[in-house]
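Notes follow the structure.
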There are 2 protein chains.
Amino acid sequence: MTTQFDNVTVLKQGNVYFDGKCVSHTVVFADGSKKTLGVILPSSLTFSTGVAEIMDVTSGSCRVRQKDQQAWTTYSSGESFEVPANSSFDIETLETLNYVCNYA
Amino acid sequence: MTTQFDNVTVLKQGNVYFDGKCVSHTVVFADGSKKTLGVILPSSLTFSTGVAEIMDVTSGSCRVRQKDQQAWTTYSSGESFEVPANSSFDIETLETLNYVCNYA
């Protein structure tokens, strides 16, 4: 797992969700694709998706429950989970989580 | 005032201060110099400096009081303030602030 993105553009305006429980910055790659690089503070949140997403946990850990599912799955640093398009997921973080969100 | 940094490296690990009241990401430039790109949530905080810093407000506004000073100065988007090395500053944000921190 790399610790940085090279040769990218980063947007100065941050993305702030849930009163700051989640803060991210948008990274744009040479091919025009985007990822967000973010932090989720200890909290229980529900995110909705437009396009499908792959969330890479880069530090910390979290529990995730996909829409209409009962089971929770724990993910730690170096692990990823996919969320379908037009869906949502519940996420619980006990410690500060760093993530990269990849968009389909 | 540009809205992005191009051809940079961005570190995946975020910087979290004051229980998440301030979150930033580190941007590394081709010449090896670094800036941080951050968000400060509505709060009253005190930051210390090692090297001198220039804080560029990119959105939102804040009041700033330099170390050992009585006066507060308000800064808004597009404005900057300097903080000497080995000093500190009090900062009050009434709305979410986006900033770029430039290091001497």
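Read-outs: derived from the displayed coordinates by stated rules, not from any lab. Here the structure is a predicted model, which is why all the values come from computation and not from measurement. Ideal geometry is used to build each Cβ from the backbone, glycine not excepted, and the neighbour counts take in all protein chains shown.
Filtering region B:10-40 to residues that are more than 7 Å from every other protein chain (Cβ to nearest Cβ) and at positive phi leaves B:PHE18, B:ASP19, B:GLY32. Among the residues of region A:11-21, the ones that are free of Cβ contacts under 8 Å to residues at least 24 places away in the same chain and either over 27 Å from A:ASP90 (Cα atoms) or buried (at least 16 other Cβ atoms within 10 Å of the Cβ) (or both) come to 5 in all. When restricted to residues that are out of contact with any strand residue (DSSP E or B) (no Cβ under 7 Å at 6 or more places or on another chain) and of a type in the set (Gly, Ala, Ser), region A:52-70 contains 0.
Counting the residues of region B:41-55 that are buried (at least 19 other Cβ atoms within 10 Å of the Cβ) and either within 9 Å of another protein chain (Cβ to nearest Cβ) or over 17 Å from B:PHE89 (Cβ atoms) (or both) gives 1. Chain B holds strands (runs of 3 or more DSSP E) entirely within its bounds, and those carrying 1 or more residues that are out of contact with any Lys or Arg (no Cβ under 6 Å at 6 or more places or on another chain) and among the basic types (Lys, Arg) map to B:34-40, B:61-66.
Going through A:ASN86, A:ASN7 one at a time, which residue ends up being at the interface with chain B (Cβ under 9 Å from one of its Cβ atoms), on the phi > 0 side of the Ramachandran plot and among the polar types (S, T, N, Q)?
On the way: A:ASN86 fails: at the interface with chain B (Cβ under 9 Å from one of its Cβ atoms).
Exactly one residue qualifies, and that residue is A:ASN7.
Considering each residue of region A:58-72 in turn, at least one proves to be over 30 Å from B:THR2 (Cα atoms) and at the interface with another protein chain (Cβ under 9 Å from one of its Cβ atoms). Among the numbered criteria (1) among the charged types (D, E, K, R); (2) farther than 21 Å from A:THR96 by Cβ; (3) touching a Pro at 6+ places or on another chain (Cβ under 9 Å); (4) surrounded by 15 or more Cβ atoms within 10 Å (Cβ to Cβ), which single criterion is violated by B:LYS35? The one condition B:LYS35 does not meet is (3).
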